[in-house]
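See below for the structure under consideration.
The values are calculated or read from the model by the stated rules, or taken from the named source; none is laboratory data. Predicted model only: the values in this text are computed from it and were never measured. Neighbour counts run over all protein chains shown; Cβ positions are idealised from the backbone, glycine included.
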Amino acid sequence: MARTISFSKALNEAMMQEMERDDSVFILGEDVAKMGGDFGITSGIWDRWPDRAFDTALSESAITGLSCGASVCGLRPVAELMFADFITVCYDQLVNNAAKLNYMYQGEASAQMVVRAVTGGGIRCAYHHSQCIEPWLMNIPGLVIVAPATPYEAKGLLVASIRNNNPVVFLEHKHLYNVKGEVPEELYEIPLYEAHVAREGADITIVAAMSMLKFAHKAADEMAAKGVSVEIINPRTIFPLDKETIKKSVAKTGRLVVVQEGPKVMGYGAEIGAMLGEELFEYLKAPIKRVTSLDTPVPFAPGMEDYVLPHYEDVITACNEVMAY
Amino acid sequence: MSLSKEHLLKVYEDMLLIRRFEEEVEVYAKNGTIPGFIHLSIGQEAAQAGVVDVLKDTDYKFPDHRGHGAIVLSSKPEERKRCMSEIFAKATGINGGRGGSMHVHDLSVRNMGFNGIQGSTVVTALGTAFNSVYRKNDDVTVVFMGDGTLGEGTCHESLNMSATWKLPLIYVLINNQYAISTHYTEAHPQKQLSTWGLGYEVPSMTIDGNDIEEVIEVTQQAVDRARRGEGPTLIEMMSYRWQGHFSGDPAAYRPDGELEAWKEKDPLKITKQRLQENHGVSDAEIEAISERVETEIAEYVKFSLESPVPKPEDAVKYVYTDREVEGR
């Protein structure tokens, strides 16, 4: 039965219910046990399972390394990176180890682990606590990057990620934590590697992940008032990307606007743009537009941060431009 | 501790198998049959053979990048030729030719393989050791590392976590003196690297890594402690690699006479001497061991040379557990 709960609660519920179902699942990270996580996402787990929730030293390499080792023994670690930005100090374990283990072990064992990483800007915490890190991981074959945008997706995708046998970096945008939505009480999975058509339309395709989905919906409403029909694709899994769903949509609309929170260079927008240029050139009715952050670190002062992050007005401008071309 | 005659004969044969394995690998690396580069462990046989001798098949082993010896001895006898054919990049290789010298693993005996990045397995090994605690069994984990490995920050994280959580993890630090060309005393302030463990309250010691009896005794104590749930141990085993860092490295950075001095401490020579002097082993018995090893190694080489190469298109297999990657 569906209730209205927050994105945070949906994540918590996914972990609790999976731990209830499968005793190979455990959680570890900095302050995830007794305190329940810096953002409270793991609250209540240690109270219930004190032997399956572990507070660690500030040792991201040890956290992710331990997860790799434990997962090839058949356990299912769910590690938390308090801020996704900290991934740089355990990058080796994810890129050179987790992503290669199934290949190395030829399918006999794999890094069946989830690294939950708190991502994104807008909380006035400057450049080491605000970055969108998915481009740092998008050319690592063997890794999976999952990026929910709604409470329903948060639960269903986290459950699927825990059950998946590949290493999953699960991005949780901090601006979504308090967003509420309908979430079934029972366990369910949303399949990985499948993008979601969040709204059907005929004239423009907007691809938007995580917190950017709200810009897409708002823009679709605004454009609809002007008689322009927008289709919205939410990738859900950012890597490997569901190219077919995006291609199908753009083949229909002929126009693409990608909205991504991170810097413009080499984000998912770059990959989608290149892919469509290669495979769908003749269908395009207008140049592809990307609405992104500026190519700067994320600054602290609110006015500066707002200046750098993507602006809603830019989405409308991009939509108008692709229609006018 | 002195080993029984039978035990010492067994580990002598193990060490000779490593020596001859490495010598053959060197021949085929130098003549171009083996692609890429390889790191040979000639001179370090006692540390590898002694540690593996103490372990069960269900204990987790993380060999280092100079770890052919530990790899081969961990494998079941019938699988050992596949360790060599892996190094020859053949389809029959224990990893189907995907890994090569630096990534030979065999999960059936919990040889978890090396990773190619120094200091990486030091934290991965936390996970297998953690698994034993989580599942409440007495399997231990041994992670082999070198003097150079200790420069990596992960060693701090690993020692700190294993000590705090009392994980059944044994750090076997084979100090062969050099990280490529840099002597360990030029990269670390300590005279002995085992002192690293003391700051983490990890029992730590430096031993003669060329004395297989000492290696076995000290490793056994560490393994027993770990099985009892008393936590990690760091064992620094002093040794020396006779070759350069990789096969073909002339090792011009070593002072004159150093190699010759260490060859006097050849673990095989020392063990053979003990067998003959303390246990009355005859030349004929030693010769019989050599012949067995030669037959064995000749079979590995023949198998490796005759095995087919892997299908190139298999390169796209096993990237993910549940989806295909496009081929050409």
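Structure notes:
- Taken over the range B:250-272, the criterion of being without any contact (Cβ under 8 Å) to a residue 40 or more places away in the chain, assigned to a loop (DSSP other than H, G, I, E, B) and closer than 24 Å to residue B:290 by Cβ is satisfied by B:264 alone.
- Just one residue in the set A:243, A:226, A:252, A:247 is farther than 24 Å from residue A:175 by Cα and loosely packed, with under 14 Cβ neighbours inside 10 Å; that residue is A:226.
- Within the range B:117-130, tally of residues that are in contact (Cβ under 8 Å) with a residue 24 or more places away in the chain and at the interface with chain A (Cβ under 7 Å from one of its Cβ atoms): 7
- Within the range A:122-132, restricting attention to residues that are in a loop (DSSP other than H, G, I, E, B) and without any contact (Cβ under 8 Å) to a residue 60 or more places away in the chain, the residue that is surrounded by the fewest Cβ atoms within 10 Å (Cβ to Cβ) is A:123.
- Condition met for residue B:69 (more than 22 Å from residue B:225 (Cβ to Cβ), not aromatic (Phe, Trp, Tyr) and not in a helix (DSSP H, G or I)): no
- Where helices (runs of 4 or more DSSP H) sit wholly within the range B:82-188, those with at least 2 residues that are at pLDDT 95 or above and closer than 14 Å to residue B:61 by Cα occupy B:120-134.
- When residues of the range B:86-100 are limited to those that are away from chain A (no Cβ under 13 Å) and buried (at least 23 other Cβ atoms within 10 Å of the Cβ), the one nearest to residue B:227 (Cα to Cα): B:87
- The condition of being under 17 Å from residue A:197 (Cα atoms) and either touching a Cys at 6+ places or on another chain (Cβ under 8 Å) or acidic (Asp, Glu) (or both) holds for only one of A:242, A:295, that being A:242.
- Cβ-Cβ under 6 Å pairs, at least 6 apart or on other chains, the range A:57-75 side within 7 Å of chain B (Cβ to nearest Cβ), far side basic (Lys, Arg): none
- Residue in the range B:301-310 that is within 14 Å of chain A (Cβ to nearest Cβ), within 29 Å of residue B:22 (Cβ to Cβ), of a type outside the set (Ser, Thr, Tyr) and not in a helix (DSSP H, G or I) present: yes
- Among the residues of the range B:47-64, none qualifies, meaning not one is over 27 Å from residue B:315 (Cα atoms), among the small types (Gly, Ala, Ser) and assigned to a loop (DSSP other than H, G, I, E, B).
- Selection within the range A:76-95 - farther than 26 Å from residue A:177 by Cβ and more than 7 Å from chain B (Cβ to nearest Cβ): A:95
- Residue B:292 meets the conditions (1) in contact (Cβ under 8 Å) with a residue 24 or more places away in the chain; (2) assigned to a helix (DSSP H, G or I); (3) surrounded by 18 or more Cβ atoms within 10 Å (Cβ to Cβ) in every case but one. The failed one is (3).
- Test for residue A:102: is it closer than 30 Å to residue A:307 by Cβ, within 14 Å of another protein chain (Cβ to nearest Cβ) and not aliphatic (A, V, I, L, M): no
Residue by residue, here is whether (1) closer than 20 Å to residue A:287 by Cα; (2) of a type in the set (A, V, I, L, M) holds:
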position: A:184; (1), (2): no, no
position: A:203; (1), (2): yes, no
position: A:220; (1), (2): yes, yes
position: A:226; (1), (2): no, no
position: A:237; (1), (2): no, no
position: A:241; (1), (2): no, yes
position: A:247; (1), (2): yes, no
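- Number of residues in the range A:176-221 that are out of contact with any Leu (no Cβ under 9 Å at 6 or more places or on another chain), among the hydrophobic types (A, V, I, L, M, F, W, C) and outside any helix (DSSP H, G or I) equals 6.
- Boolean, residue A:258 is part of a strand (DSSP E or B) and touching a residue at least 40 places away in the same chain (Cβ under 8 Å): yes
- Residues of the range A:1-37 satisfying the condition of being touching an Asp or Glu at 6+ places or on another chain (Cβ under 9 Å) and in a helix (DSSP H, G or I): A:7, A:8, A:10, A:11, A:13, A:17
- Of the set (1) without any contact (Cβ under 8 Å) to a residue 60 or more places away in the chain; (2) crowded, with 23+ Cβ neighbours inside 10 Å; (3) in contact with an Asp or Glu (Cβ under 7 Å, 6 or more places away or on another chain); (4) outside any loop (DSSP other than H, G, I, E, B), all apply to residue B:79 but (2).
- Boolean, residue A:33 is touching a strand residue (DSSP E or B) at 6+ places or on another chain (Cβ under 6 Å) and at the interface with chain B (Cβ under 9 Å from one of its Cβ atoms): no
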